[in-house]
Every structure is written in structure tokens, then in C-alpha cells.
1. So who's got an amide H within less than 5 Å of the one on residue 399, skipping anything under 5 residues away but keeping other chains? H placed 1.01 Å off N, in plane.
2. Ignoring everything except DSSP H segments at least 4 long, calculate the 222 nm mean residue ellipticity for the chain; use -39,500 (n - 2.57) per segment, divide by total residues, nearest 500.
3. If you plug each phi of the range 122-135 into the Karplus form 6.51 cos²θ - 1.76 cosθ + 1.60 with θ = phi - 60°, what whole-Hz ³J(HN,Hα) values come out, in order, with x for Gly and Pro?
4. Would you compute, for the Cα atoms of the range 131-364, the largest minus smallest coordinate along each principal axis and list the three values in descending order, in whole Å?
5. By how many nm would the segment from residue 446 to residue 55 lengthen if fully extended, with 0.36 nm per residue of separation less the alpha-carbon distance?
6. Based on the Cβ-Cβ distance of residue 385 and residue 456, what FRET efficiency does E = 1/(1 + (r/R0)^6) give at R0 = 35 Å, to the nearest 0.05?
7. Check cross-link reach from residue 411 to the aspartates and glutamates: straight Cα distance under 16 Å, and skip same-chain residues fewer than eight apart.
8. Rounded to the nearest 0.05, what FRET efficiency is calculated for residue 343 and residue 242 with R0 set to 35 Å and r the Cβ-Cβ distance?
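The values are calculated or read from the model by the stated rules, or taken from the named source; none is laboratory data. All of these numbers come straight from a predicted model, not from anything done at the bench. As a convention, Cβ positions derive from the backbone with ideal geometry for all residues, glycine included, and neighbour counts pool all protein chains shown. All accessible areas refer to the heavy atoms of the entire protein, side chains included, with ligands and DNA or RNA removed. Shrake-Rupley method; radii C 1.70, N 1.55, O 1.52, S 1.80 Å.
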Amino acid sequence: MTVPVATSLARLCVTSDLSLAEALQRLDETGGGPLLVLDHDGRLLRLVTDGDLRRMILAGSGNDAALSLLPPVTPVAARMDTSVAELEALFATHRITAIPRLDAEGRPRVLERREFSGPVLLSTPHLGELEQEFVQQAFDTNWIAPLGPQVEGFERELADYSNNAHVAALSSGTAALHLGLILLGVKDGDRVYCPSFTFAASANPIRYERAEPVFIDSETETWNMSPAALERALSRDAARGKLPSAVVIANLYGQSADMDPLLELCDSYGVPVLEDAAESLGATYKGRKSGSFGKLSAFSFNGNKIITTSGGGALCSDDEELIARARFLSTQAREPAAHYEHKHIGYNYRMSNILAGIGRGQLKVLDERVARRREIFELYRSVLAGIEGIEWMPEPEGYFSTRWLTTATFKREMGQNPVQLLEALKVVGIEVRPLWKPMHRQPVFAGCEYVSHGENHSVSDDLFDCGLCLPSGSNMSDETVIRIAEQLRYLLAG
Ligand SMILES: Cc1ncc(COP(=O)(O)O)c(C=O)c1O
């Protein structure tokens, strides 16, 4: 009989008239099963494991005995869209080692327990030992408010760490970027350059000010803003009298952009830089801390970042006046008067004293977190060594990346494209993500200008089309990283 299933699974699918000897043989050939017993319409009747066959033998069945002798059981099965939590519950309640999952066409695919030991997320918070102490201080002193001693302490300590003279702790990295643009004087109708290859939060605040983003491509060496594209854009716009009022430079996945040529270009055209260091706290470029290069620089302490305050951000600069102004604008632009006097539109963007307490604890373990993320990257690289077609995000000489996320591109000619890899890993509870979708391809920014790296070469498009971010949380064990890497190796081997 022909069983209506995918060829790769055909050897696992049997009917109940199969003999014990044939079933043993089949298990041997297919690496241990389990076999899927289907009825004549291809519907799943039950699973048969080597344990079931052993029990048949112990009960005295001979080689010719048919599988139909096995006692009937209701098969435990799941749909392709069954959630990871539901799958975990199925494994636990039924104490089974494999679950067949049926796709939209009714074709089964077996999910084995050993492939699956709970969900692994891309990057989760990793708390140290001191956060609670700092938060407790806030409770003990009843500073459950925006501002307070923890905020002051956090600002001081972050300034020291990041090599900035002044820091304003804020409610998010996006808020920091928004205030940064305002402080650089960006206004209605202005043009602002921004990387195309980044998270939307680098670009959205440009729109908050009704300015026009112009997207600049990346380079292959760092994946960050391409000096060649920036140069073409600046010289073209200088010639047409349309220079931008600011350039946002982002440092992605834990690594700085090539700041020397980028800053030199911006300086030579007199355009200020807002550095988006949301993803690069802890990195260095030519020995200098990432997030200390812009006239203003922004950090994020969102839950997925290398350290977190659950949600938060900071705006940094060596310019005391700019940061004083950021503090003023972030607290509703309240004038120093006993009554509530306002001459400017303000924002509620300040960080709370509680969250700053978490941030102080997190800063103490930042260097450890960086070291662990780098170890995780090396572990992936070593398990996947020798597989042609994987290219890890480069770390050029003179750069020190935190490897906030382990990222790589997978050559198109490889057996599986990134979307297939992502789907296959999702089935076993592993969260991977594509690299950032370029802003010039986002519907919300349709019609915005885009300047590519080469006249006919768009690096950000290539990266998005073939790249993935792998789970990289500093709280992952070596075993988990190895399991993910081996799963990838298996998928790439086709
Ligand atoms: C490159 C980049 N810029 C800005 C942000 C915004 O930070 P937040 O989420 O704290 O607003 C993020 C992260 O979320 C980011 O990855």
C-alpha cells in the first residue's frame, strides 16, 4: 500500500499488518523510529516504539505477528501550530518520547523529545545579585518615583562606564533618540540620515519631528553604516543644497560602526551625529567605548539588551548643557517656578528610581555579560566549523564586539534558506530571528530616499535576505548552545 506522506517520512509510516520482524527491521533502518501506524486512508492510528516491539516479544509474539496485535491506544498528536507550551505539556503528561505533528495537508512530522527541551528565546534578562539590594534601597527610602538617588547613581556610573561626561537616564532608548534629535535642532521638513539596516526605533523619532529620513546602506565589513554610501549622499545633497540636519549612526548586534571615516565625513560637512548605541553597550572601537562618539549618544536597557532595567534608556554627551536640556525636556519642560510654568512642549521620558536601581545592579555585571556573549558566539562557531556557506558577522581588527546577538548569513545555495531554518527551529522551540529588515523596504517608509553601498550593490538587502540571529542570552548553558548549533548543523546537512 502507498502511504500519502512526504518521501522522507515514508519509511516511518507503516500499516498495522506489518510484521514484528519487518517493524524491527524498519526501526533499525530509520534510526530508532518511532513508526507511525496509519490506516488505509493515511490517518494516524498510533505510534510504535522499540519498547512496544520489545513488549510484543516478551508477550510471546513471533516474528510474523502483526502490529495489529498491539493494544489500541489513542495517539497523542499535535498540529503544526501547537504552541511550545502545549507541546511541553503533552510530553510531560503522556510521558512520551515523540509526538507526530500534522501539517495542513495532513502529513505527519515527528517531533522527538530529545530535540526539544523547552523553549529557548533569543535574548532574555539575566539578573545579577545586587539589583534587588538597590531596588530595596528605593523602597526603604520611599523613592518610588521618577528621579531619586538611584537615578543619580545610575547616571554617574553609566557616565563612568561609557566614557561620557554627562548622562540623562530615560524611559527608553527610543525616548533618548527622540530627545537627541530635538537637541540637535531637527525640525519639520528637515532631512535626517539614518541607517537602513537597523531597528525601526532608529528611524521613527525622525518622523516624530515631521522630518524626512534618508536611508543609508551598510558596508560588508561591519554591517553598519557604509562610509562610501554616506560620502555619496553627502556630496550629492551638498550640491543640491539639501544637507541633512543630523546623521543617526547605529551600532548593530553589539558592534560599533566604522566611526573614523563616518565622523570625519559628517564633520567635513558640518552635520552633527546622533549615535544609536542601543545594541552596543560594552563594545569598543579602537579602544574607545561605543556610545561615546556622537555629539549625543543613546543606549537602551530594554528587556532583550545586554543589560536591562526592564525598559529604559539613556542619552549621553560630553556637553553638559545638552544633557541638562534633555533632563528638562524629559520632565515635561517644567520651568523652575513653584507654580507649574511651561514655555516649551515637554515629555514624560524620565527613568524611575526603581528601574535605575535595577540598572545599577546590571552595570556591575556588564563586563561578565559581555564575556559570556562572546563565549556563546565562539561555541556556535566551533560547533558549526567546517560548514561551508555560513558567514559570521565580521569583527574587524581594532573592534571589540559584545556579540550581543550571534548573527550569521547562510549562503542561498545552502540546502535551507533562513526562513526555512527559522521555521524548522521554531518547531523545536528555538527562537531565531531574521536580521533587521531594511528600513527602505518597510511599508511605513515607502517613498523615502535610499543610498546604497555601491551603485548597484545593496548590502542591507543581501544581509536581510540571508541572515539570522541565533539565541544569545548570557544565561544560556553551554549544553543549550550546543543543542541549537547541532540542530542547525543537522538542518543544514539537509
Ligand atoms: C538599534 C536600536 N535602536 C533603538 C532601540 C530602541 O530602544 P528601546 O527599545 O529602549 O526604546 C533599539 C532596541 O529596542 C535598537 O535595537
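1. Distant-sequence amide H within range of residue 399: 286.
2. Taken over the chain, the calculation gives -10500 deg cm²/dmol.
3. Running phi through 6.51 cos²θ - 1.76 cosθ + 1.60 with θ = phi - 60° gives 4, 6, 10, x, 9, 7, x, 9, 9, 4, 5, 4, 5, 5 Hz.
4. 59, 40, 26
5. Numbers: separation 391, 0.36 × 391 = 140.76 nm, distance 6.41 nm.
Stretched out fully, the residue 446 to residue 55 stretch lengthens by 134.3 nm.
6. Details: r = 33 Å, r/R0 = 0.96.
Computed FRET efficiency for residue 385 and residue 456: 0.55.
7. 388, 391, 461, 462, 465
8. My answer for the efficiency is 0.65.
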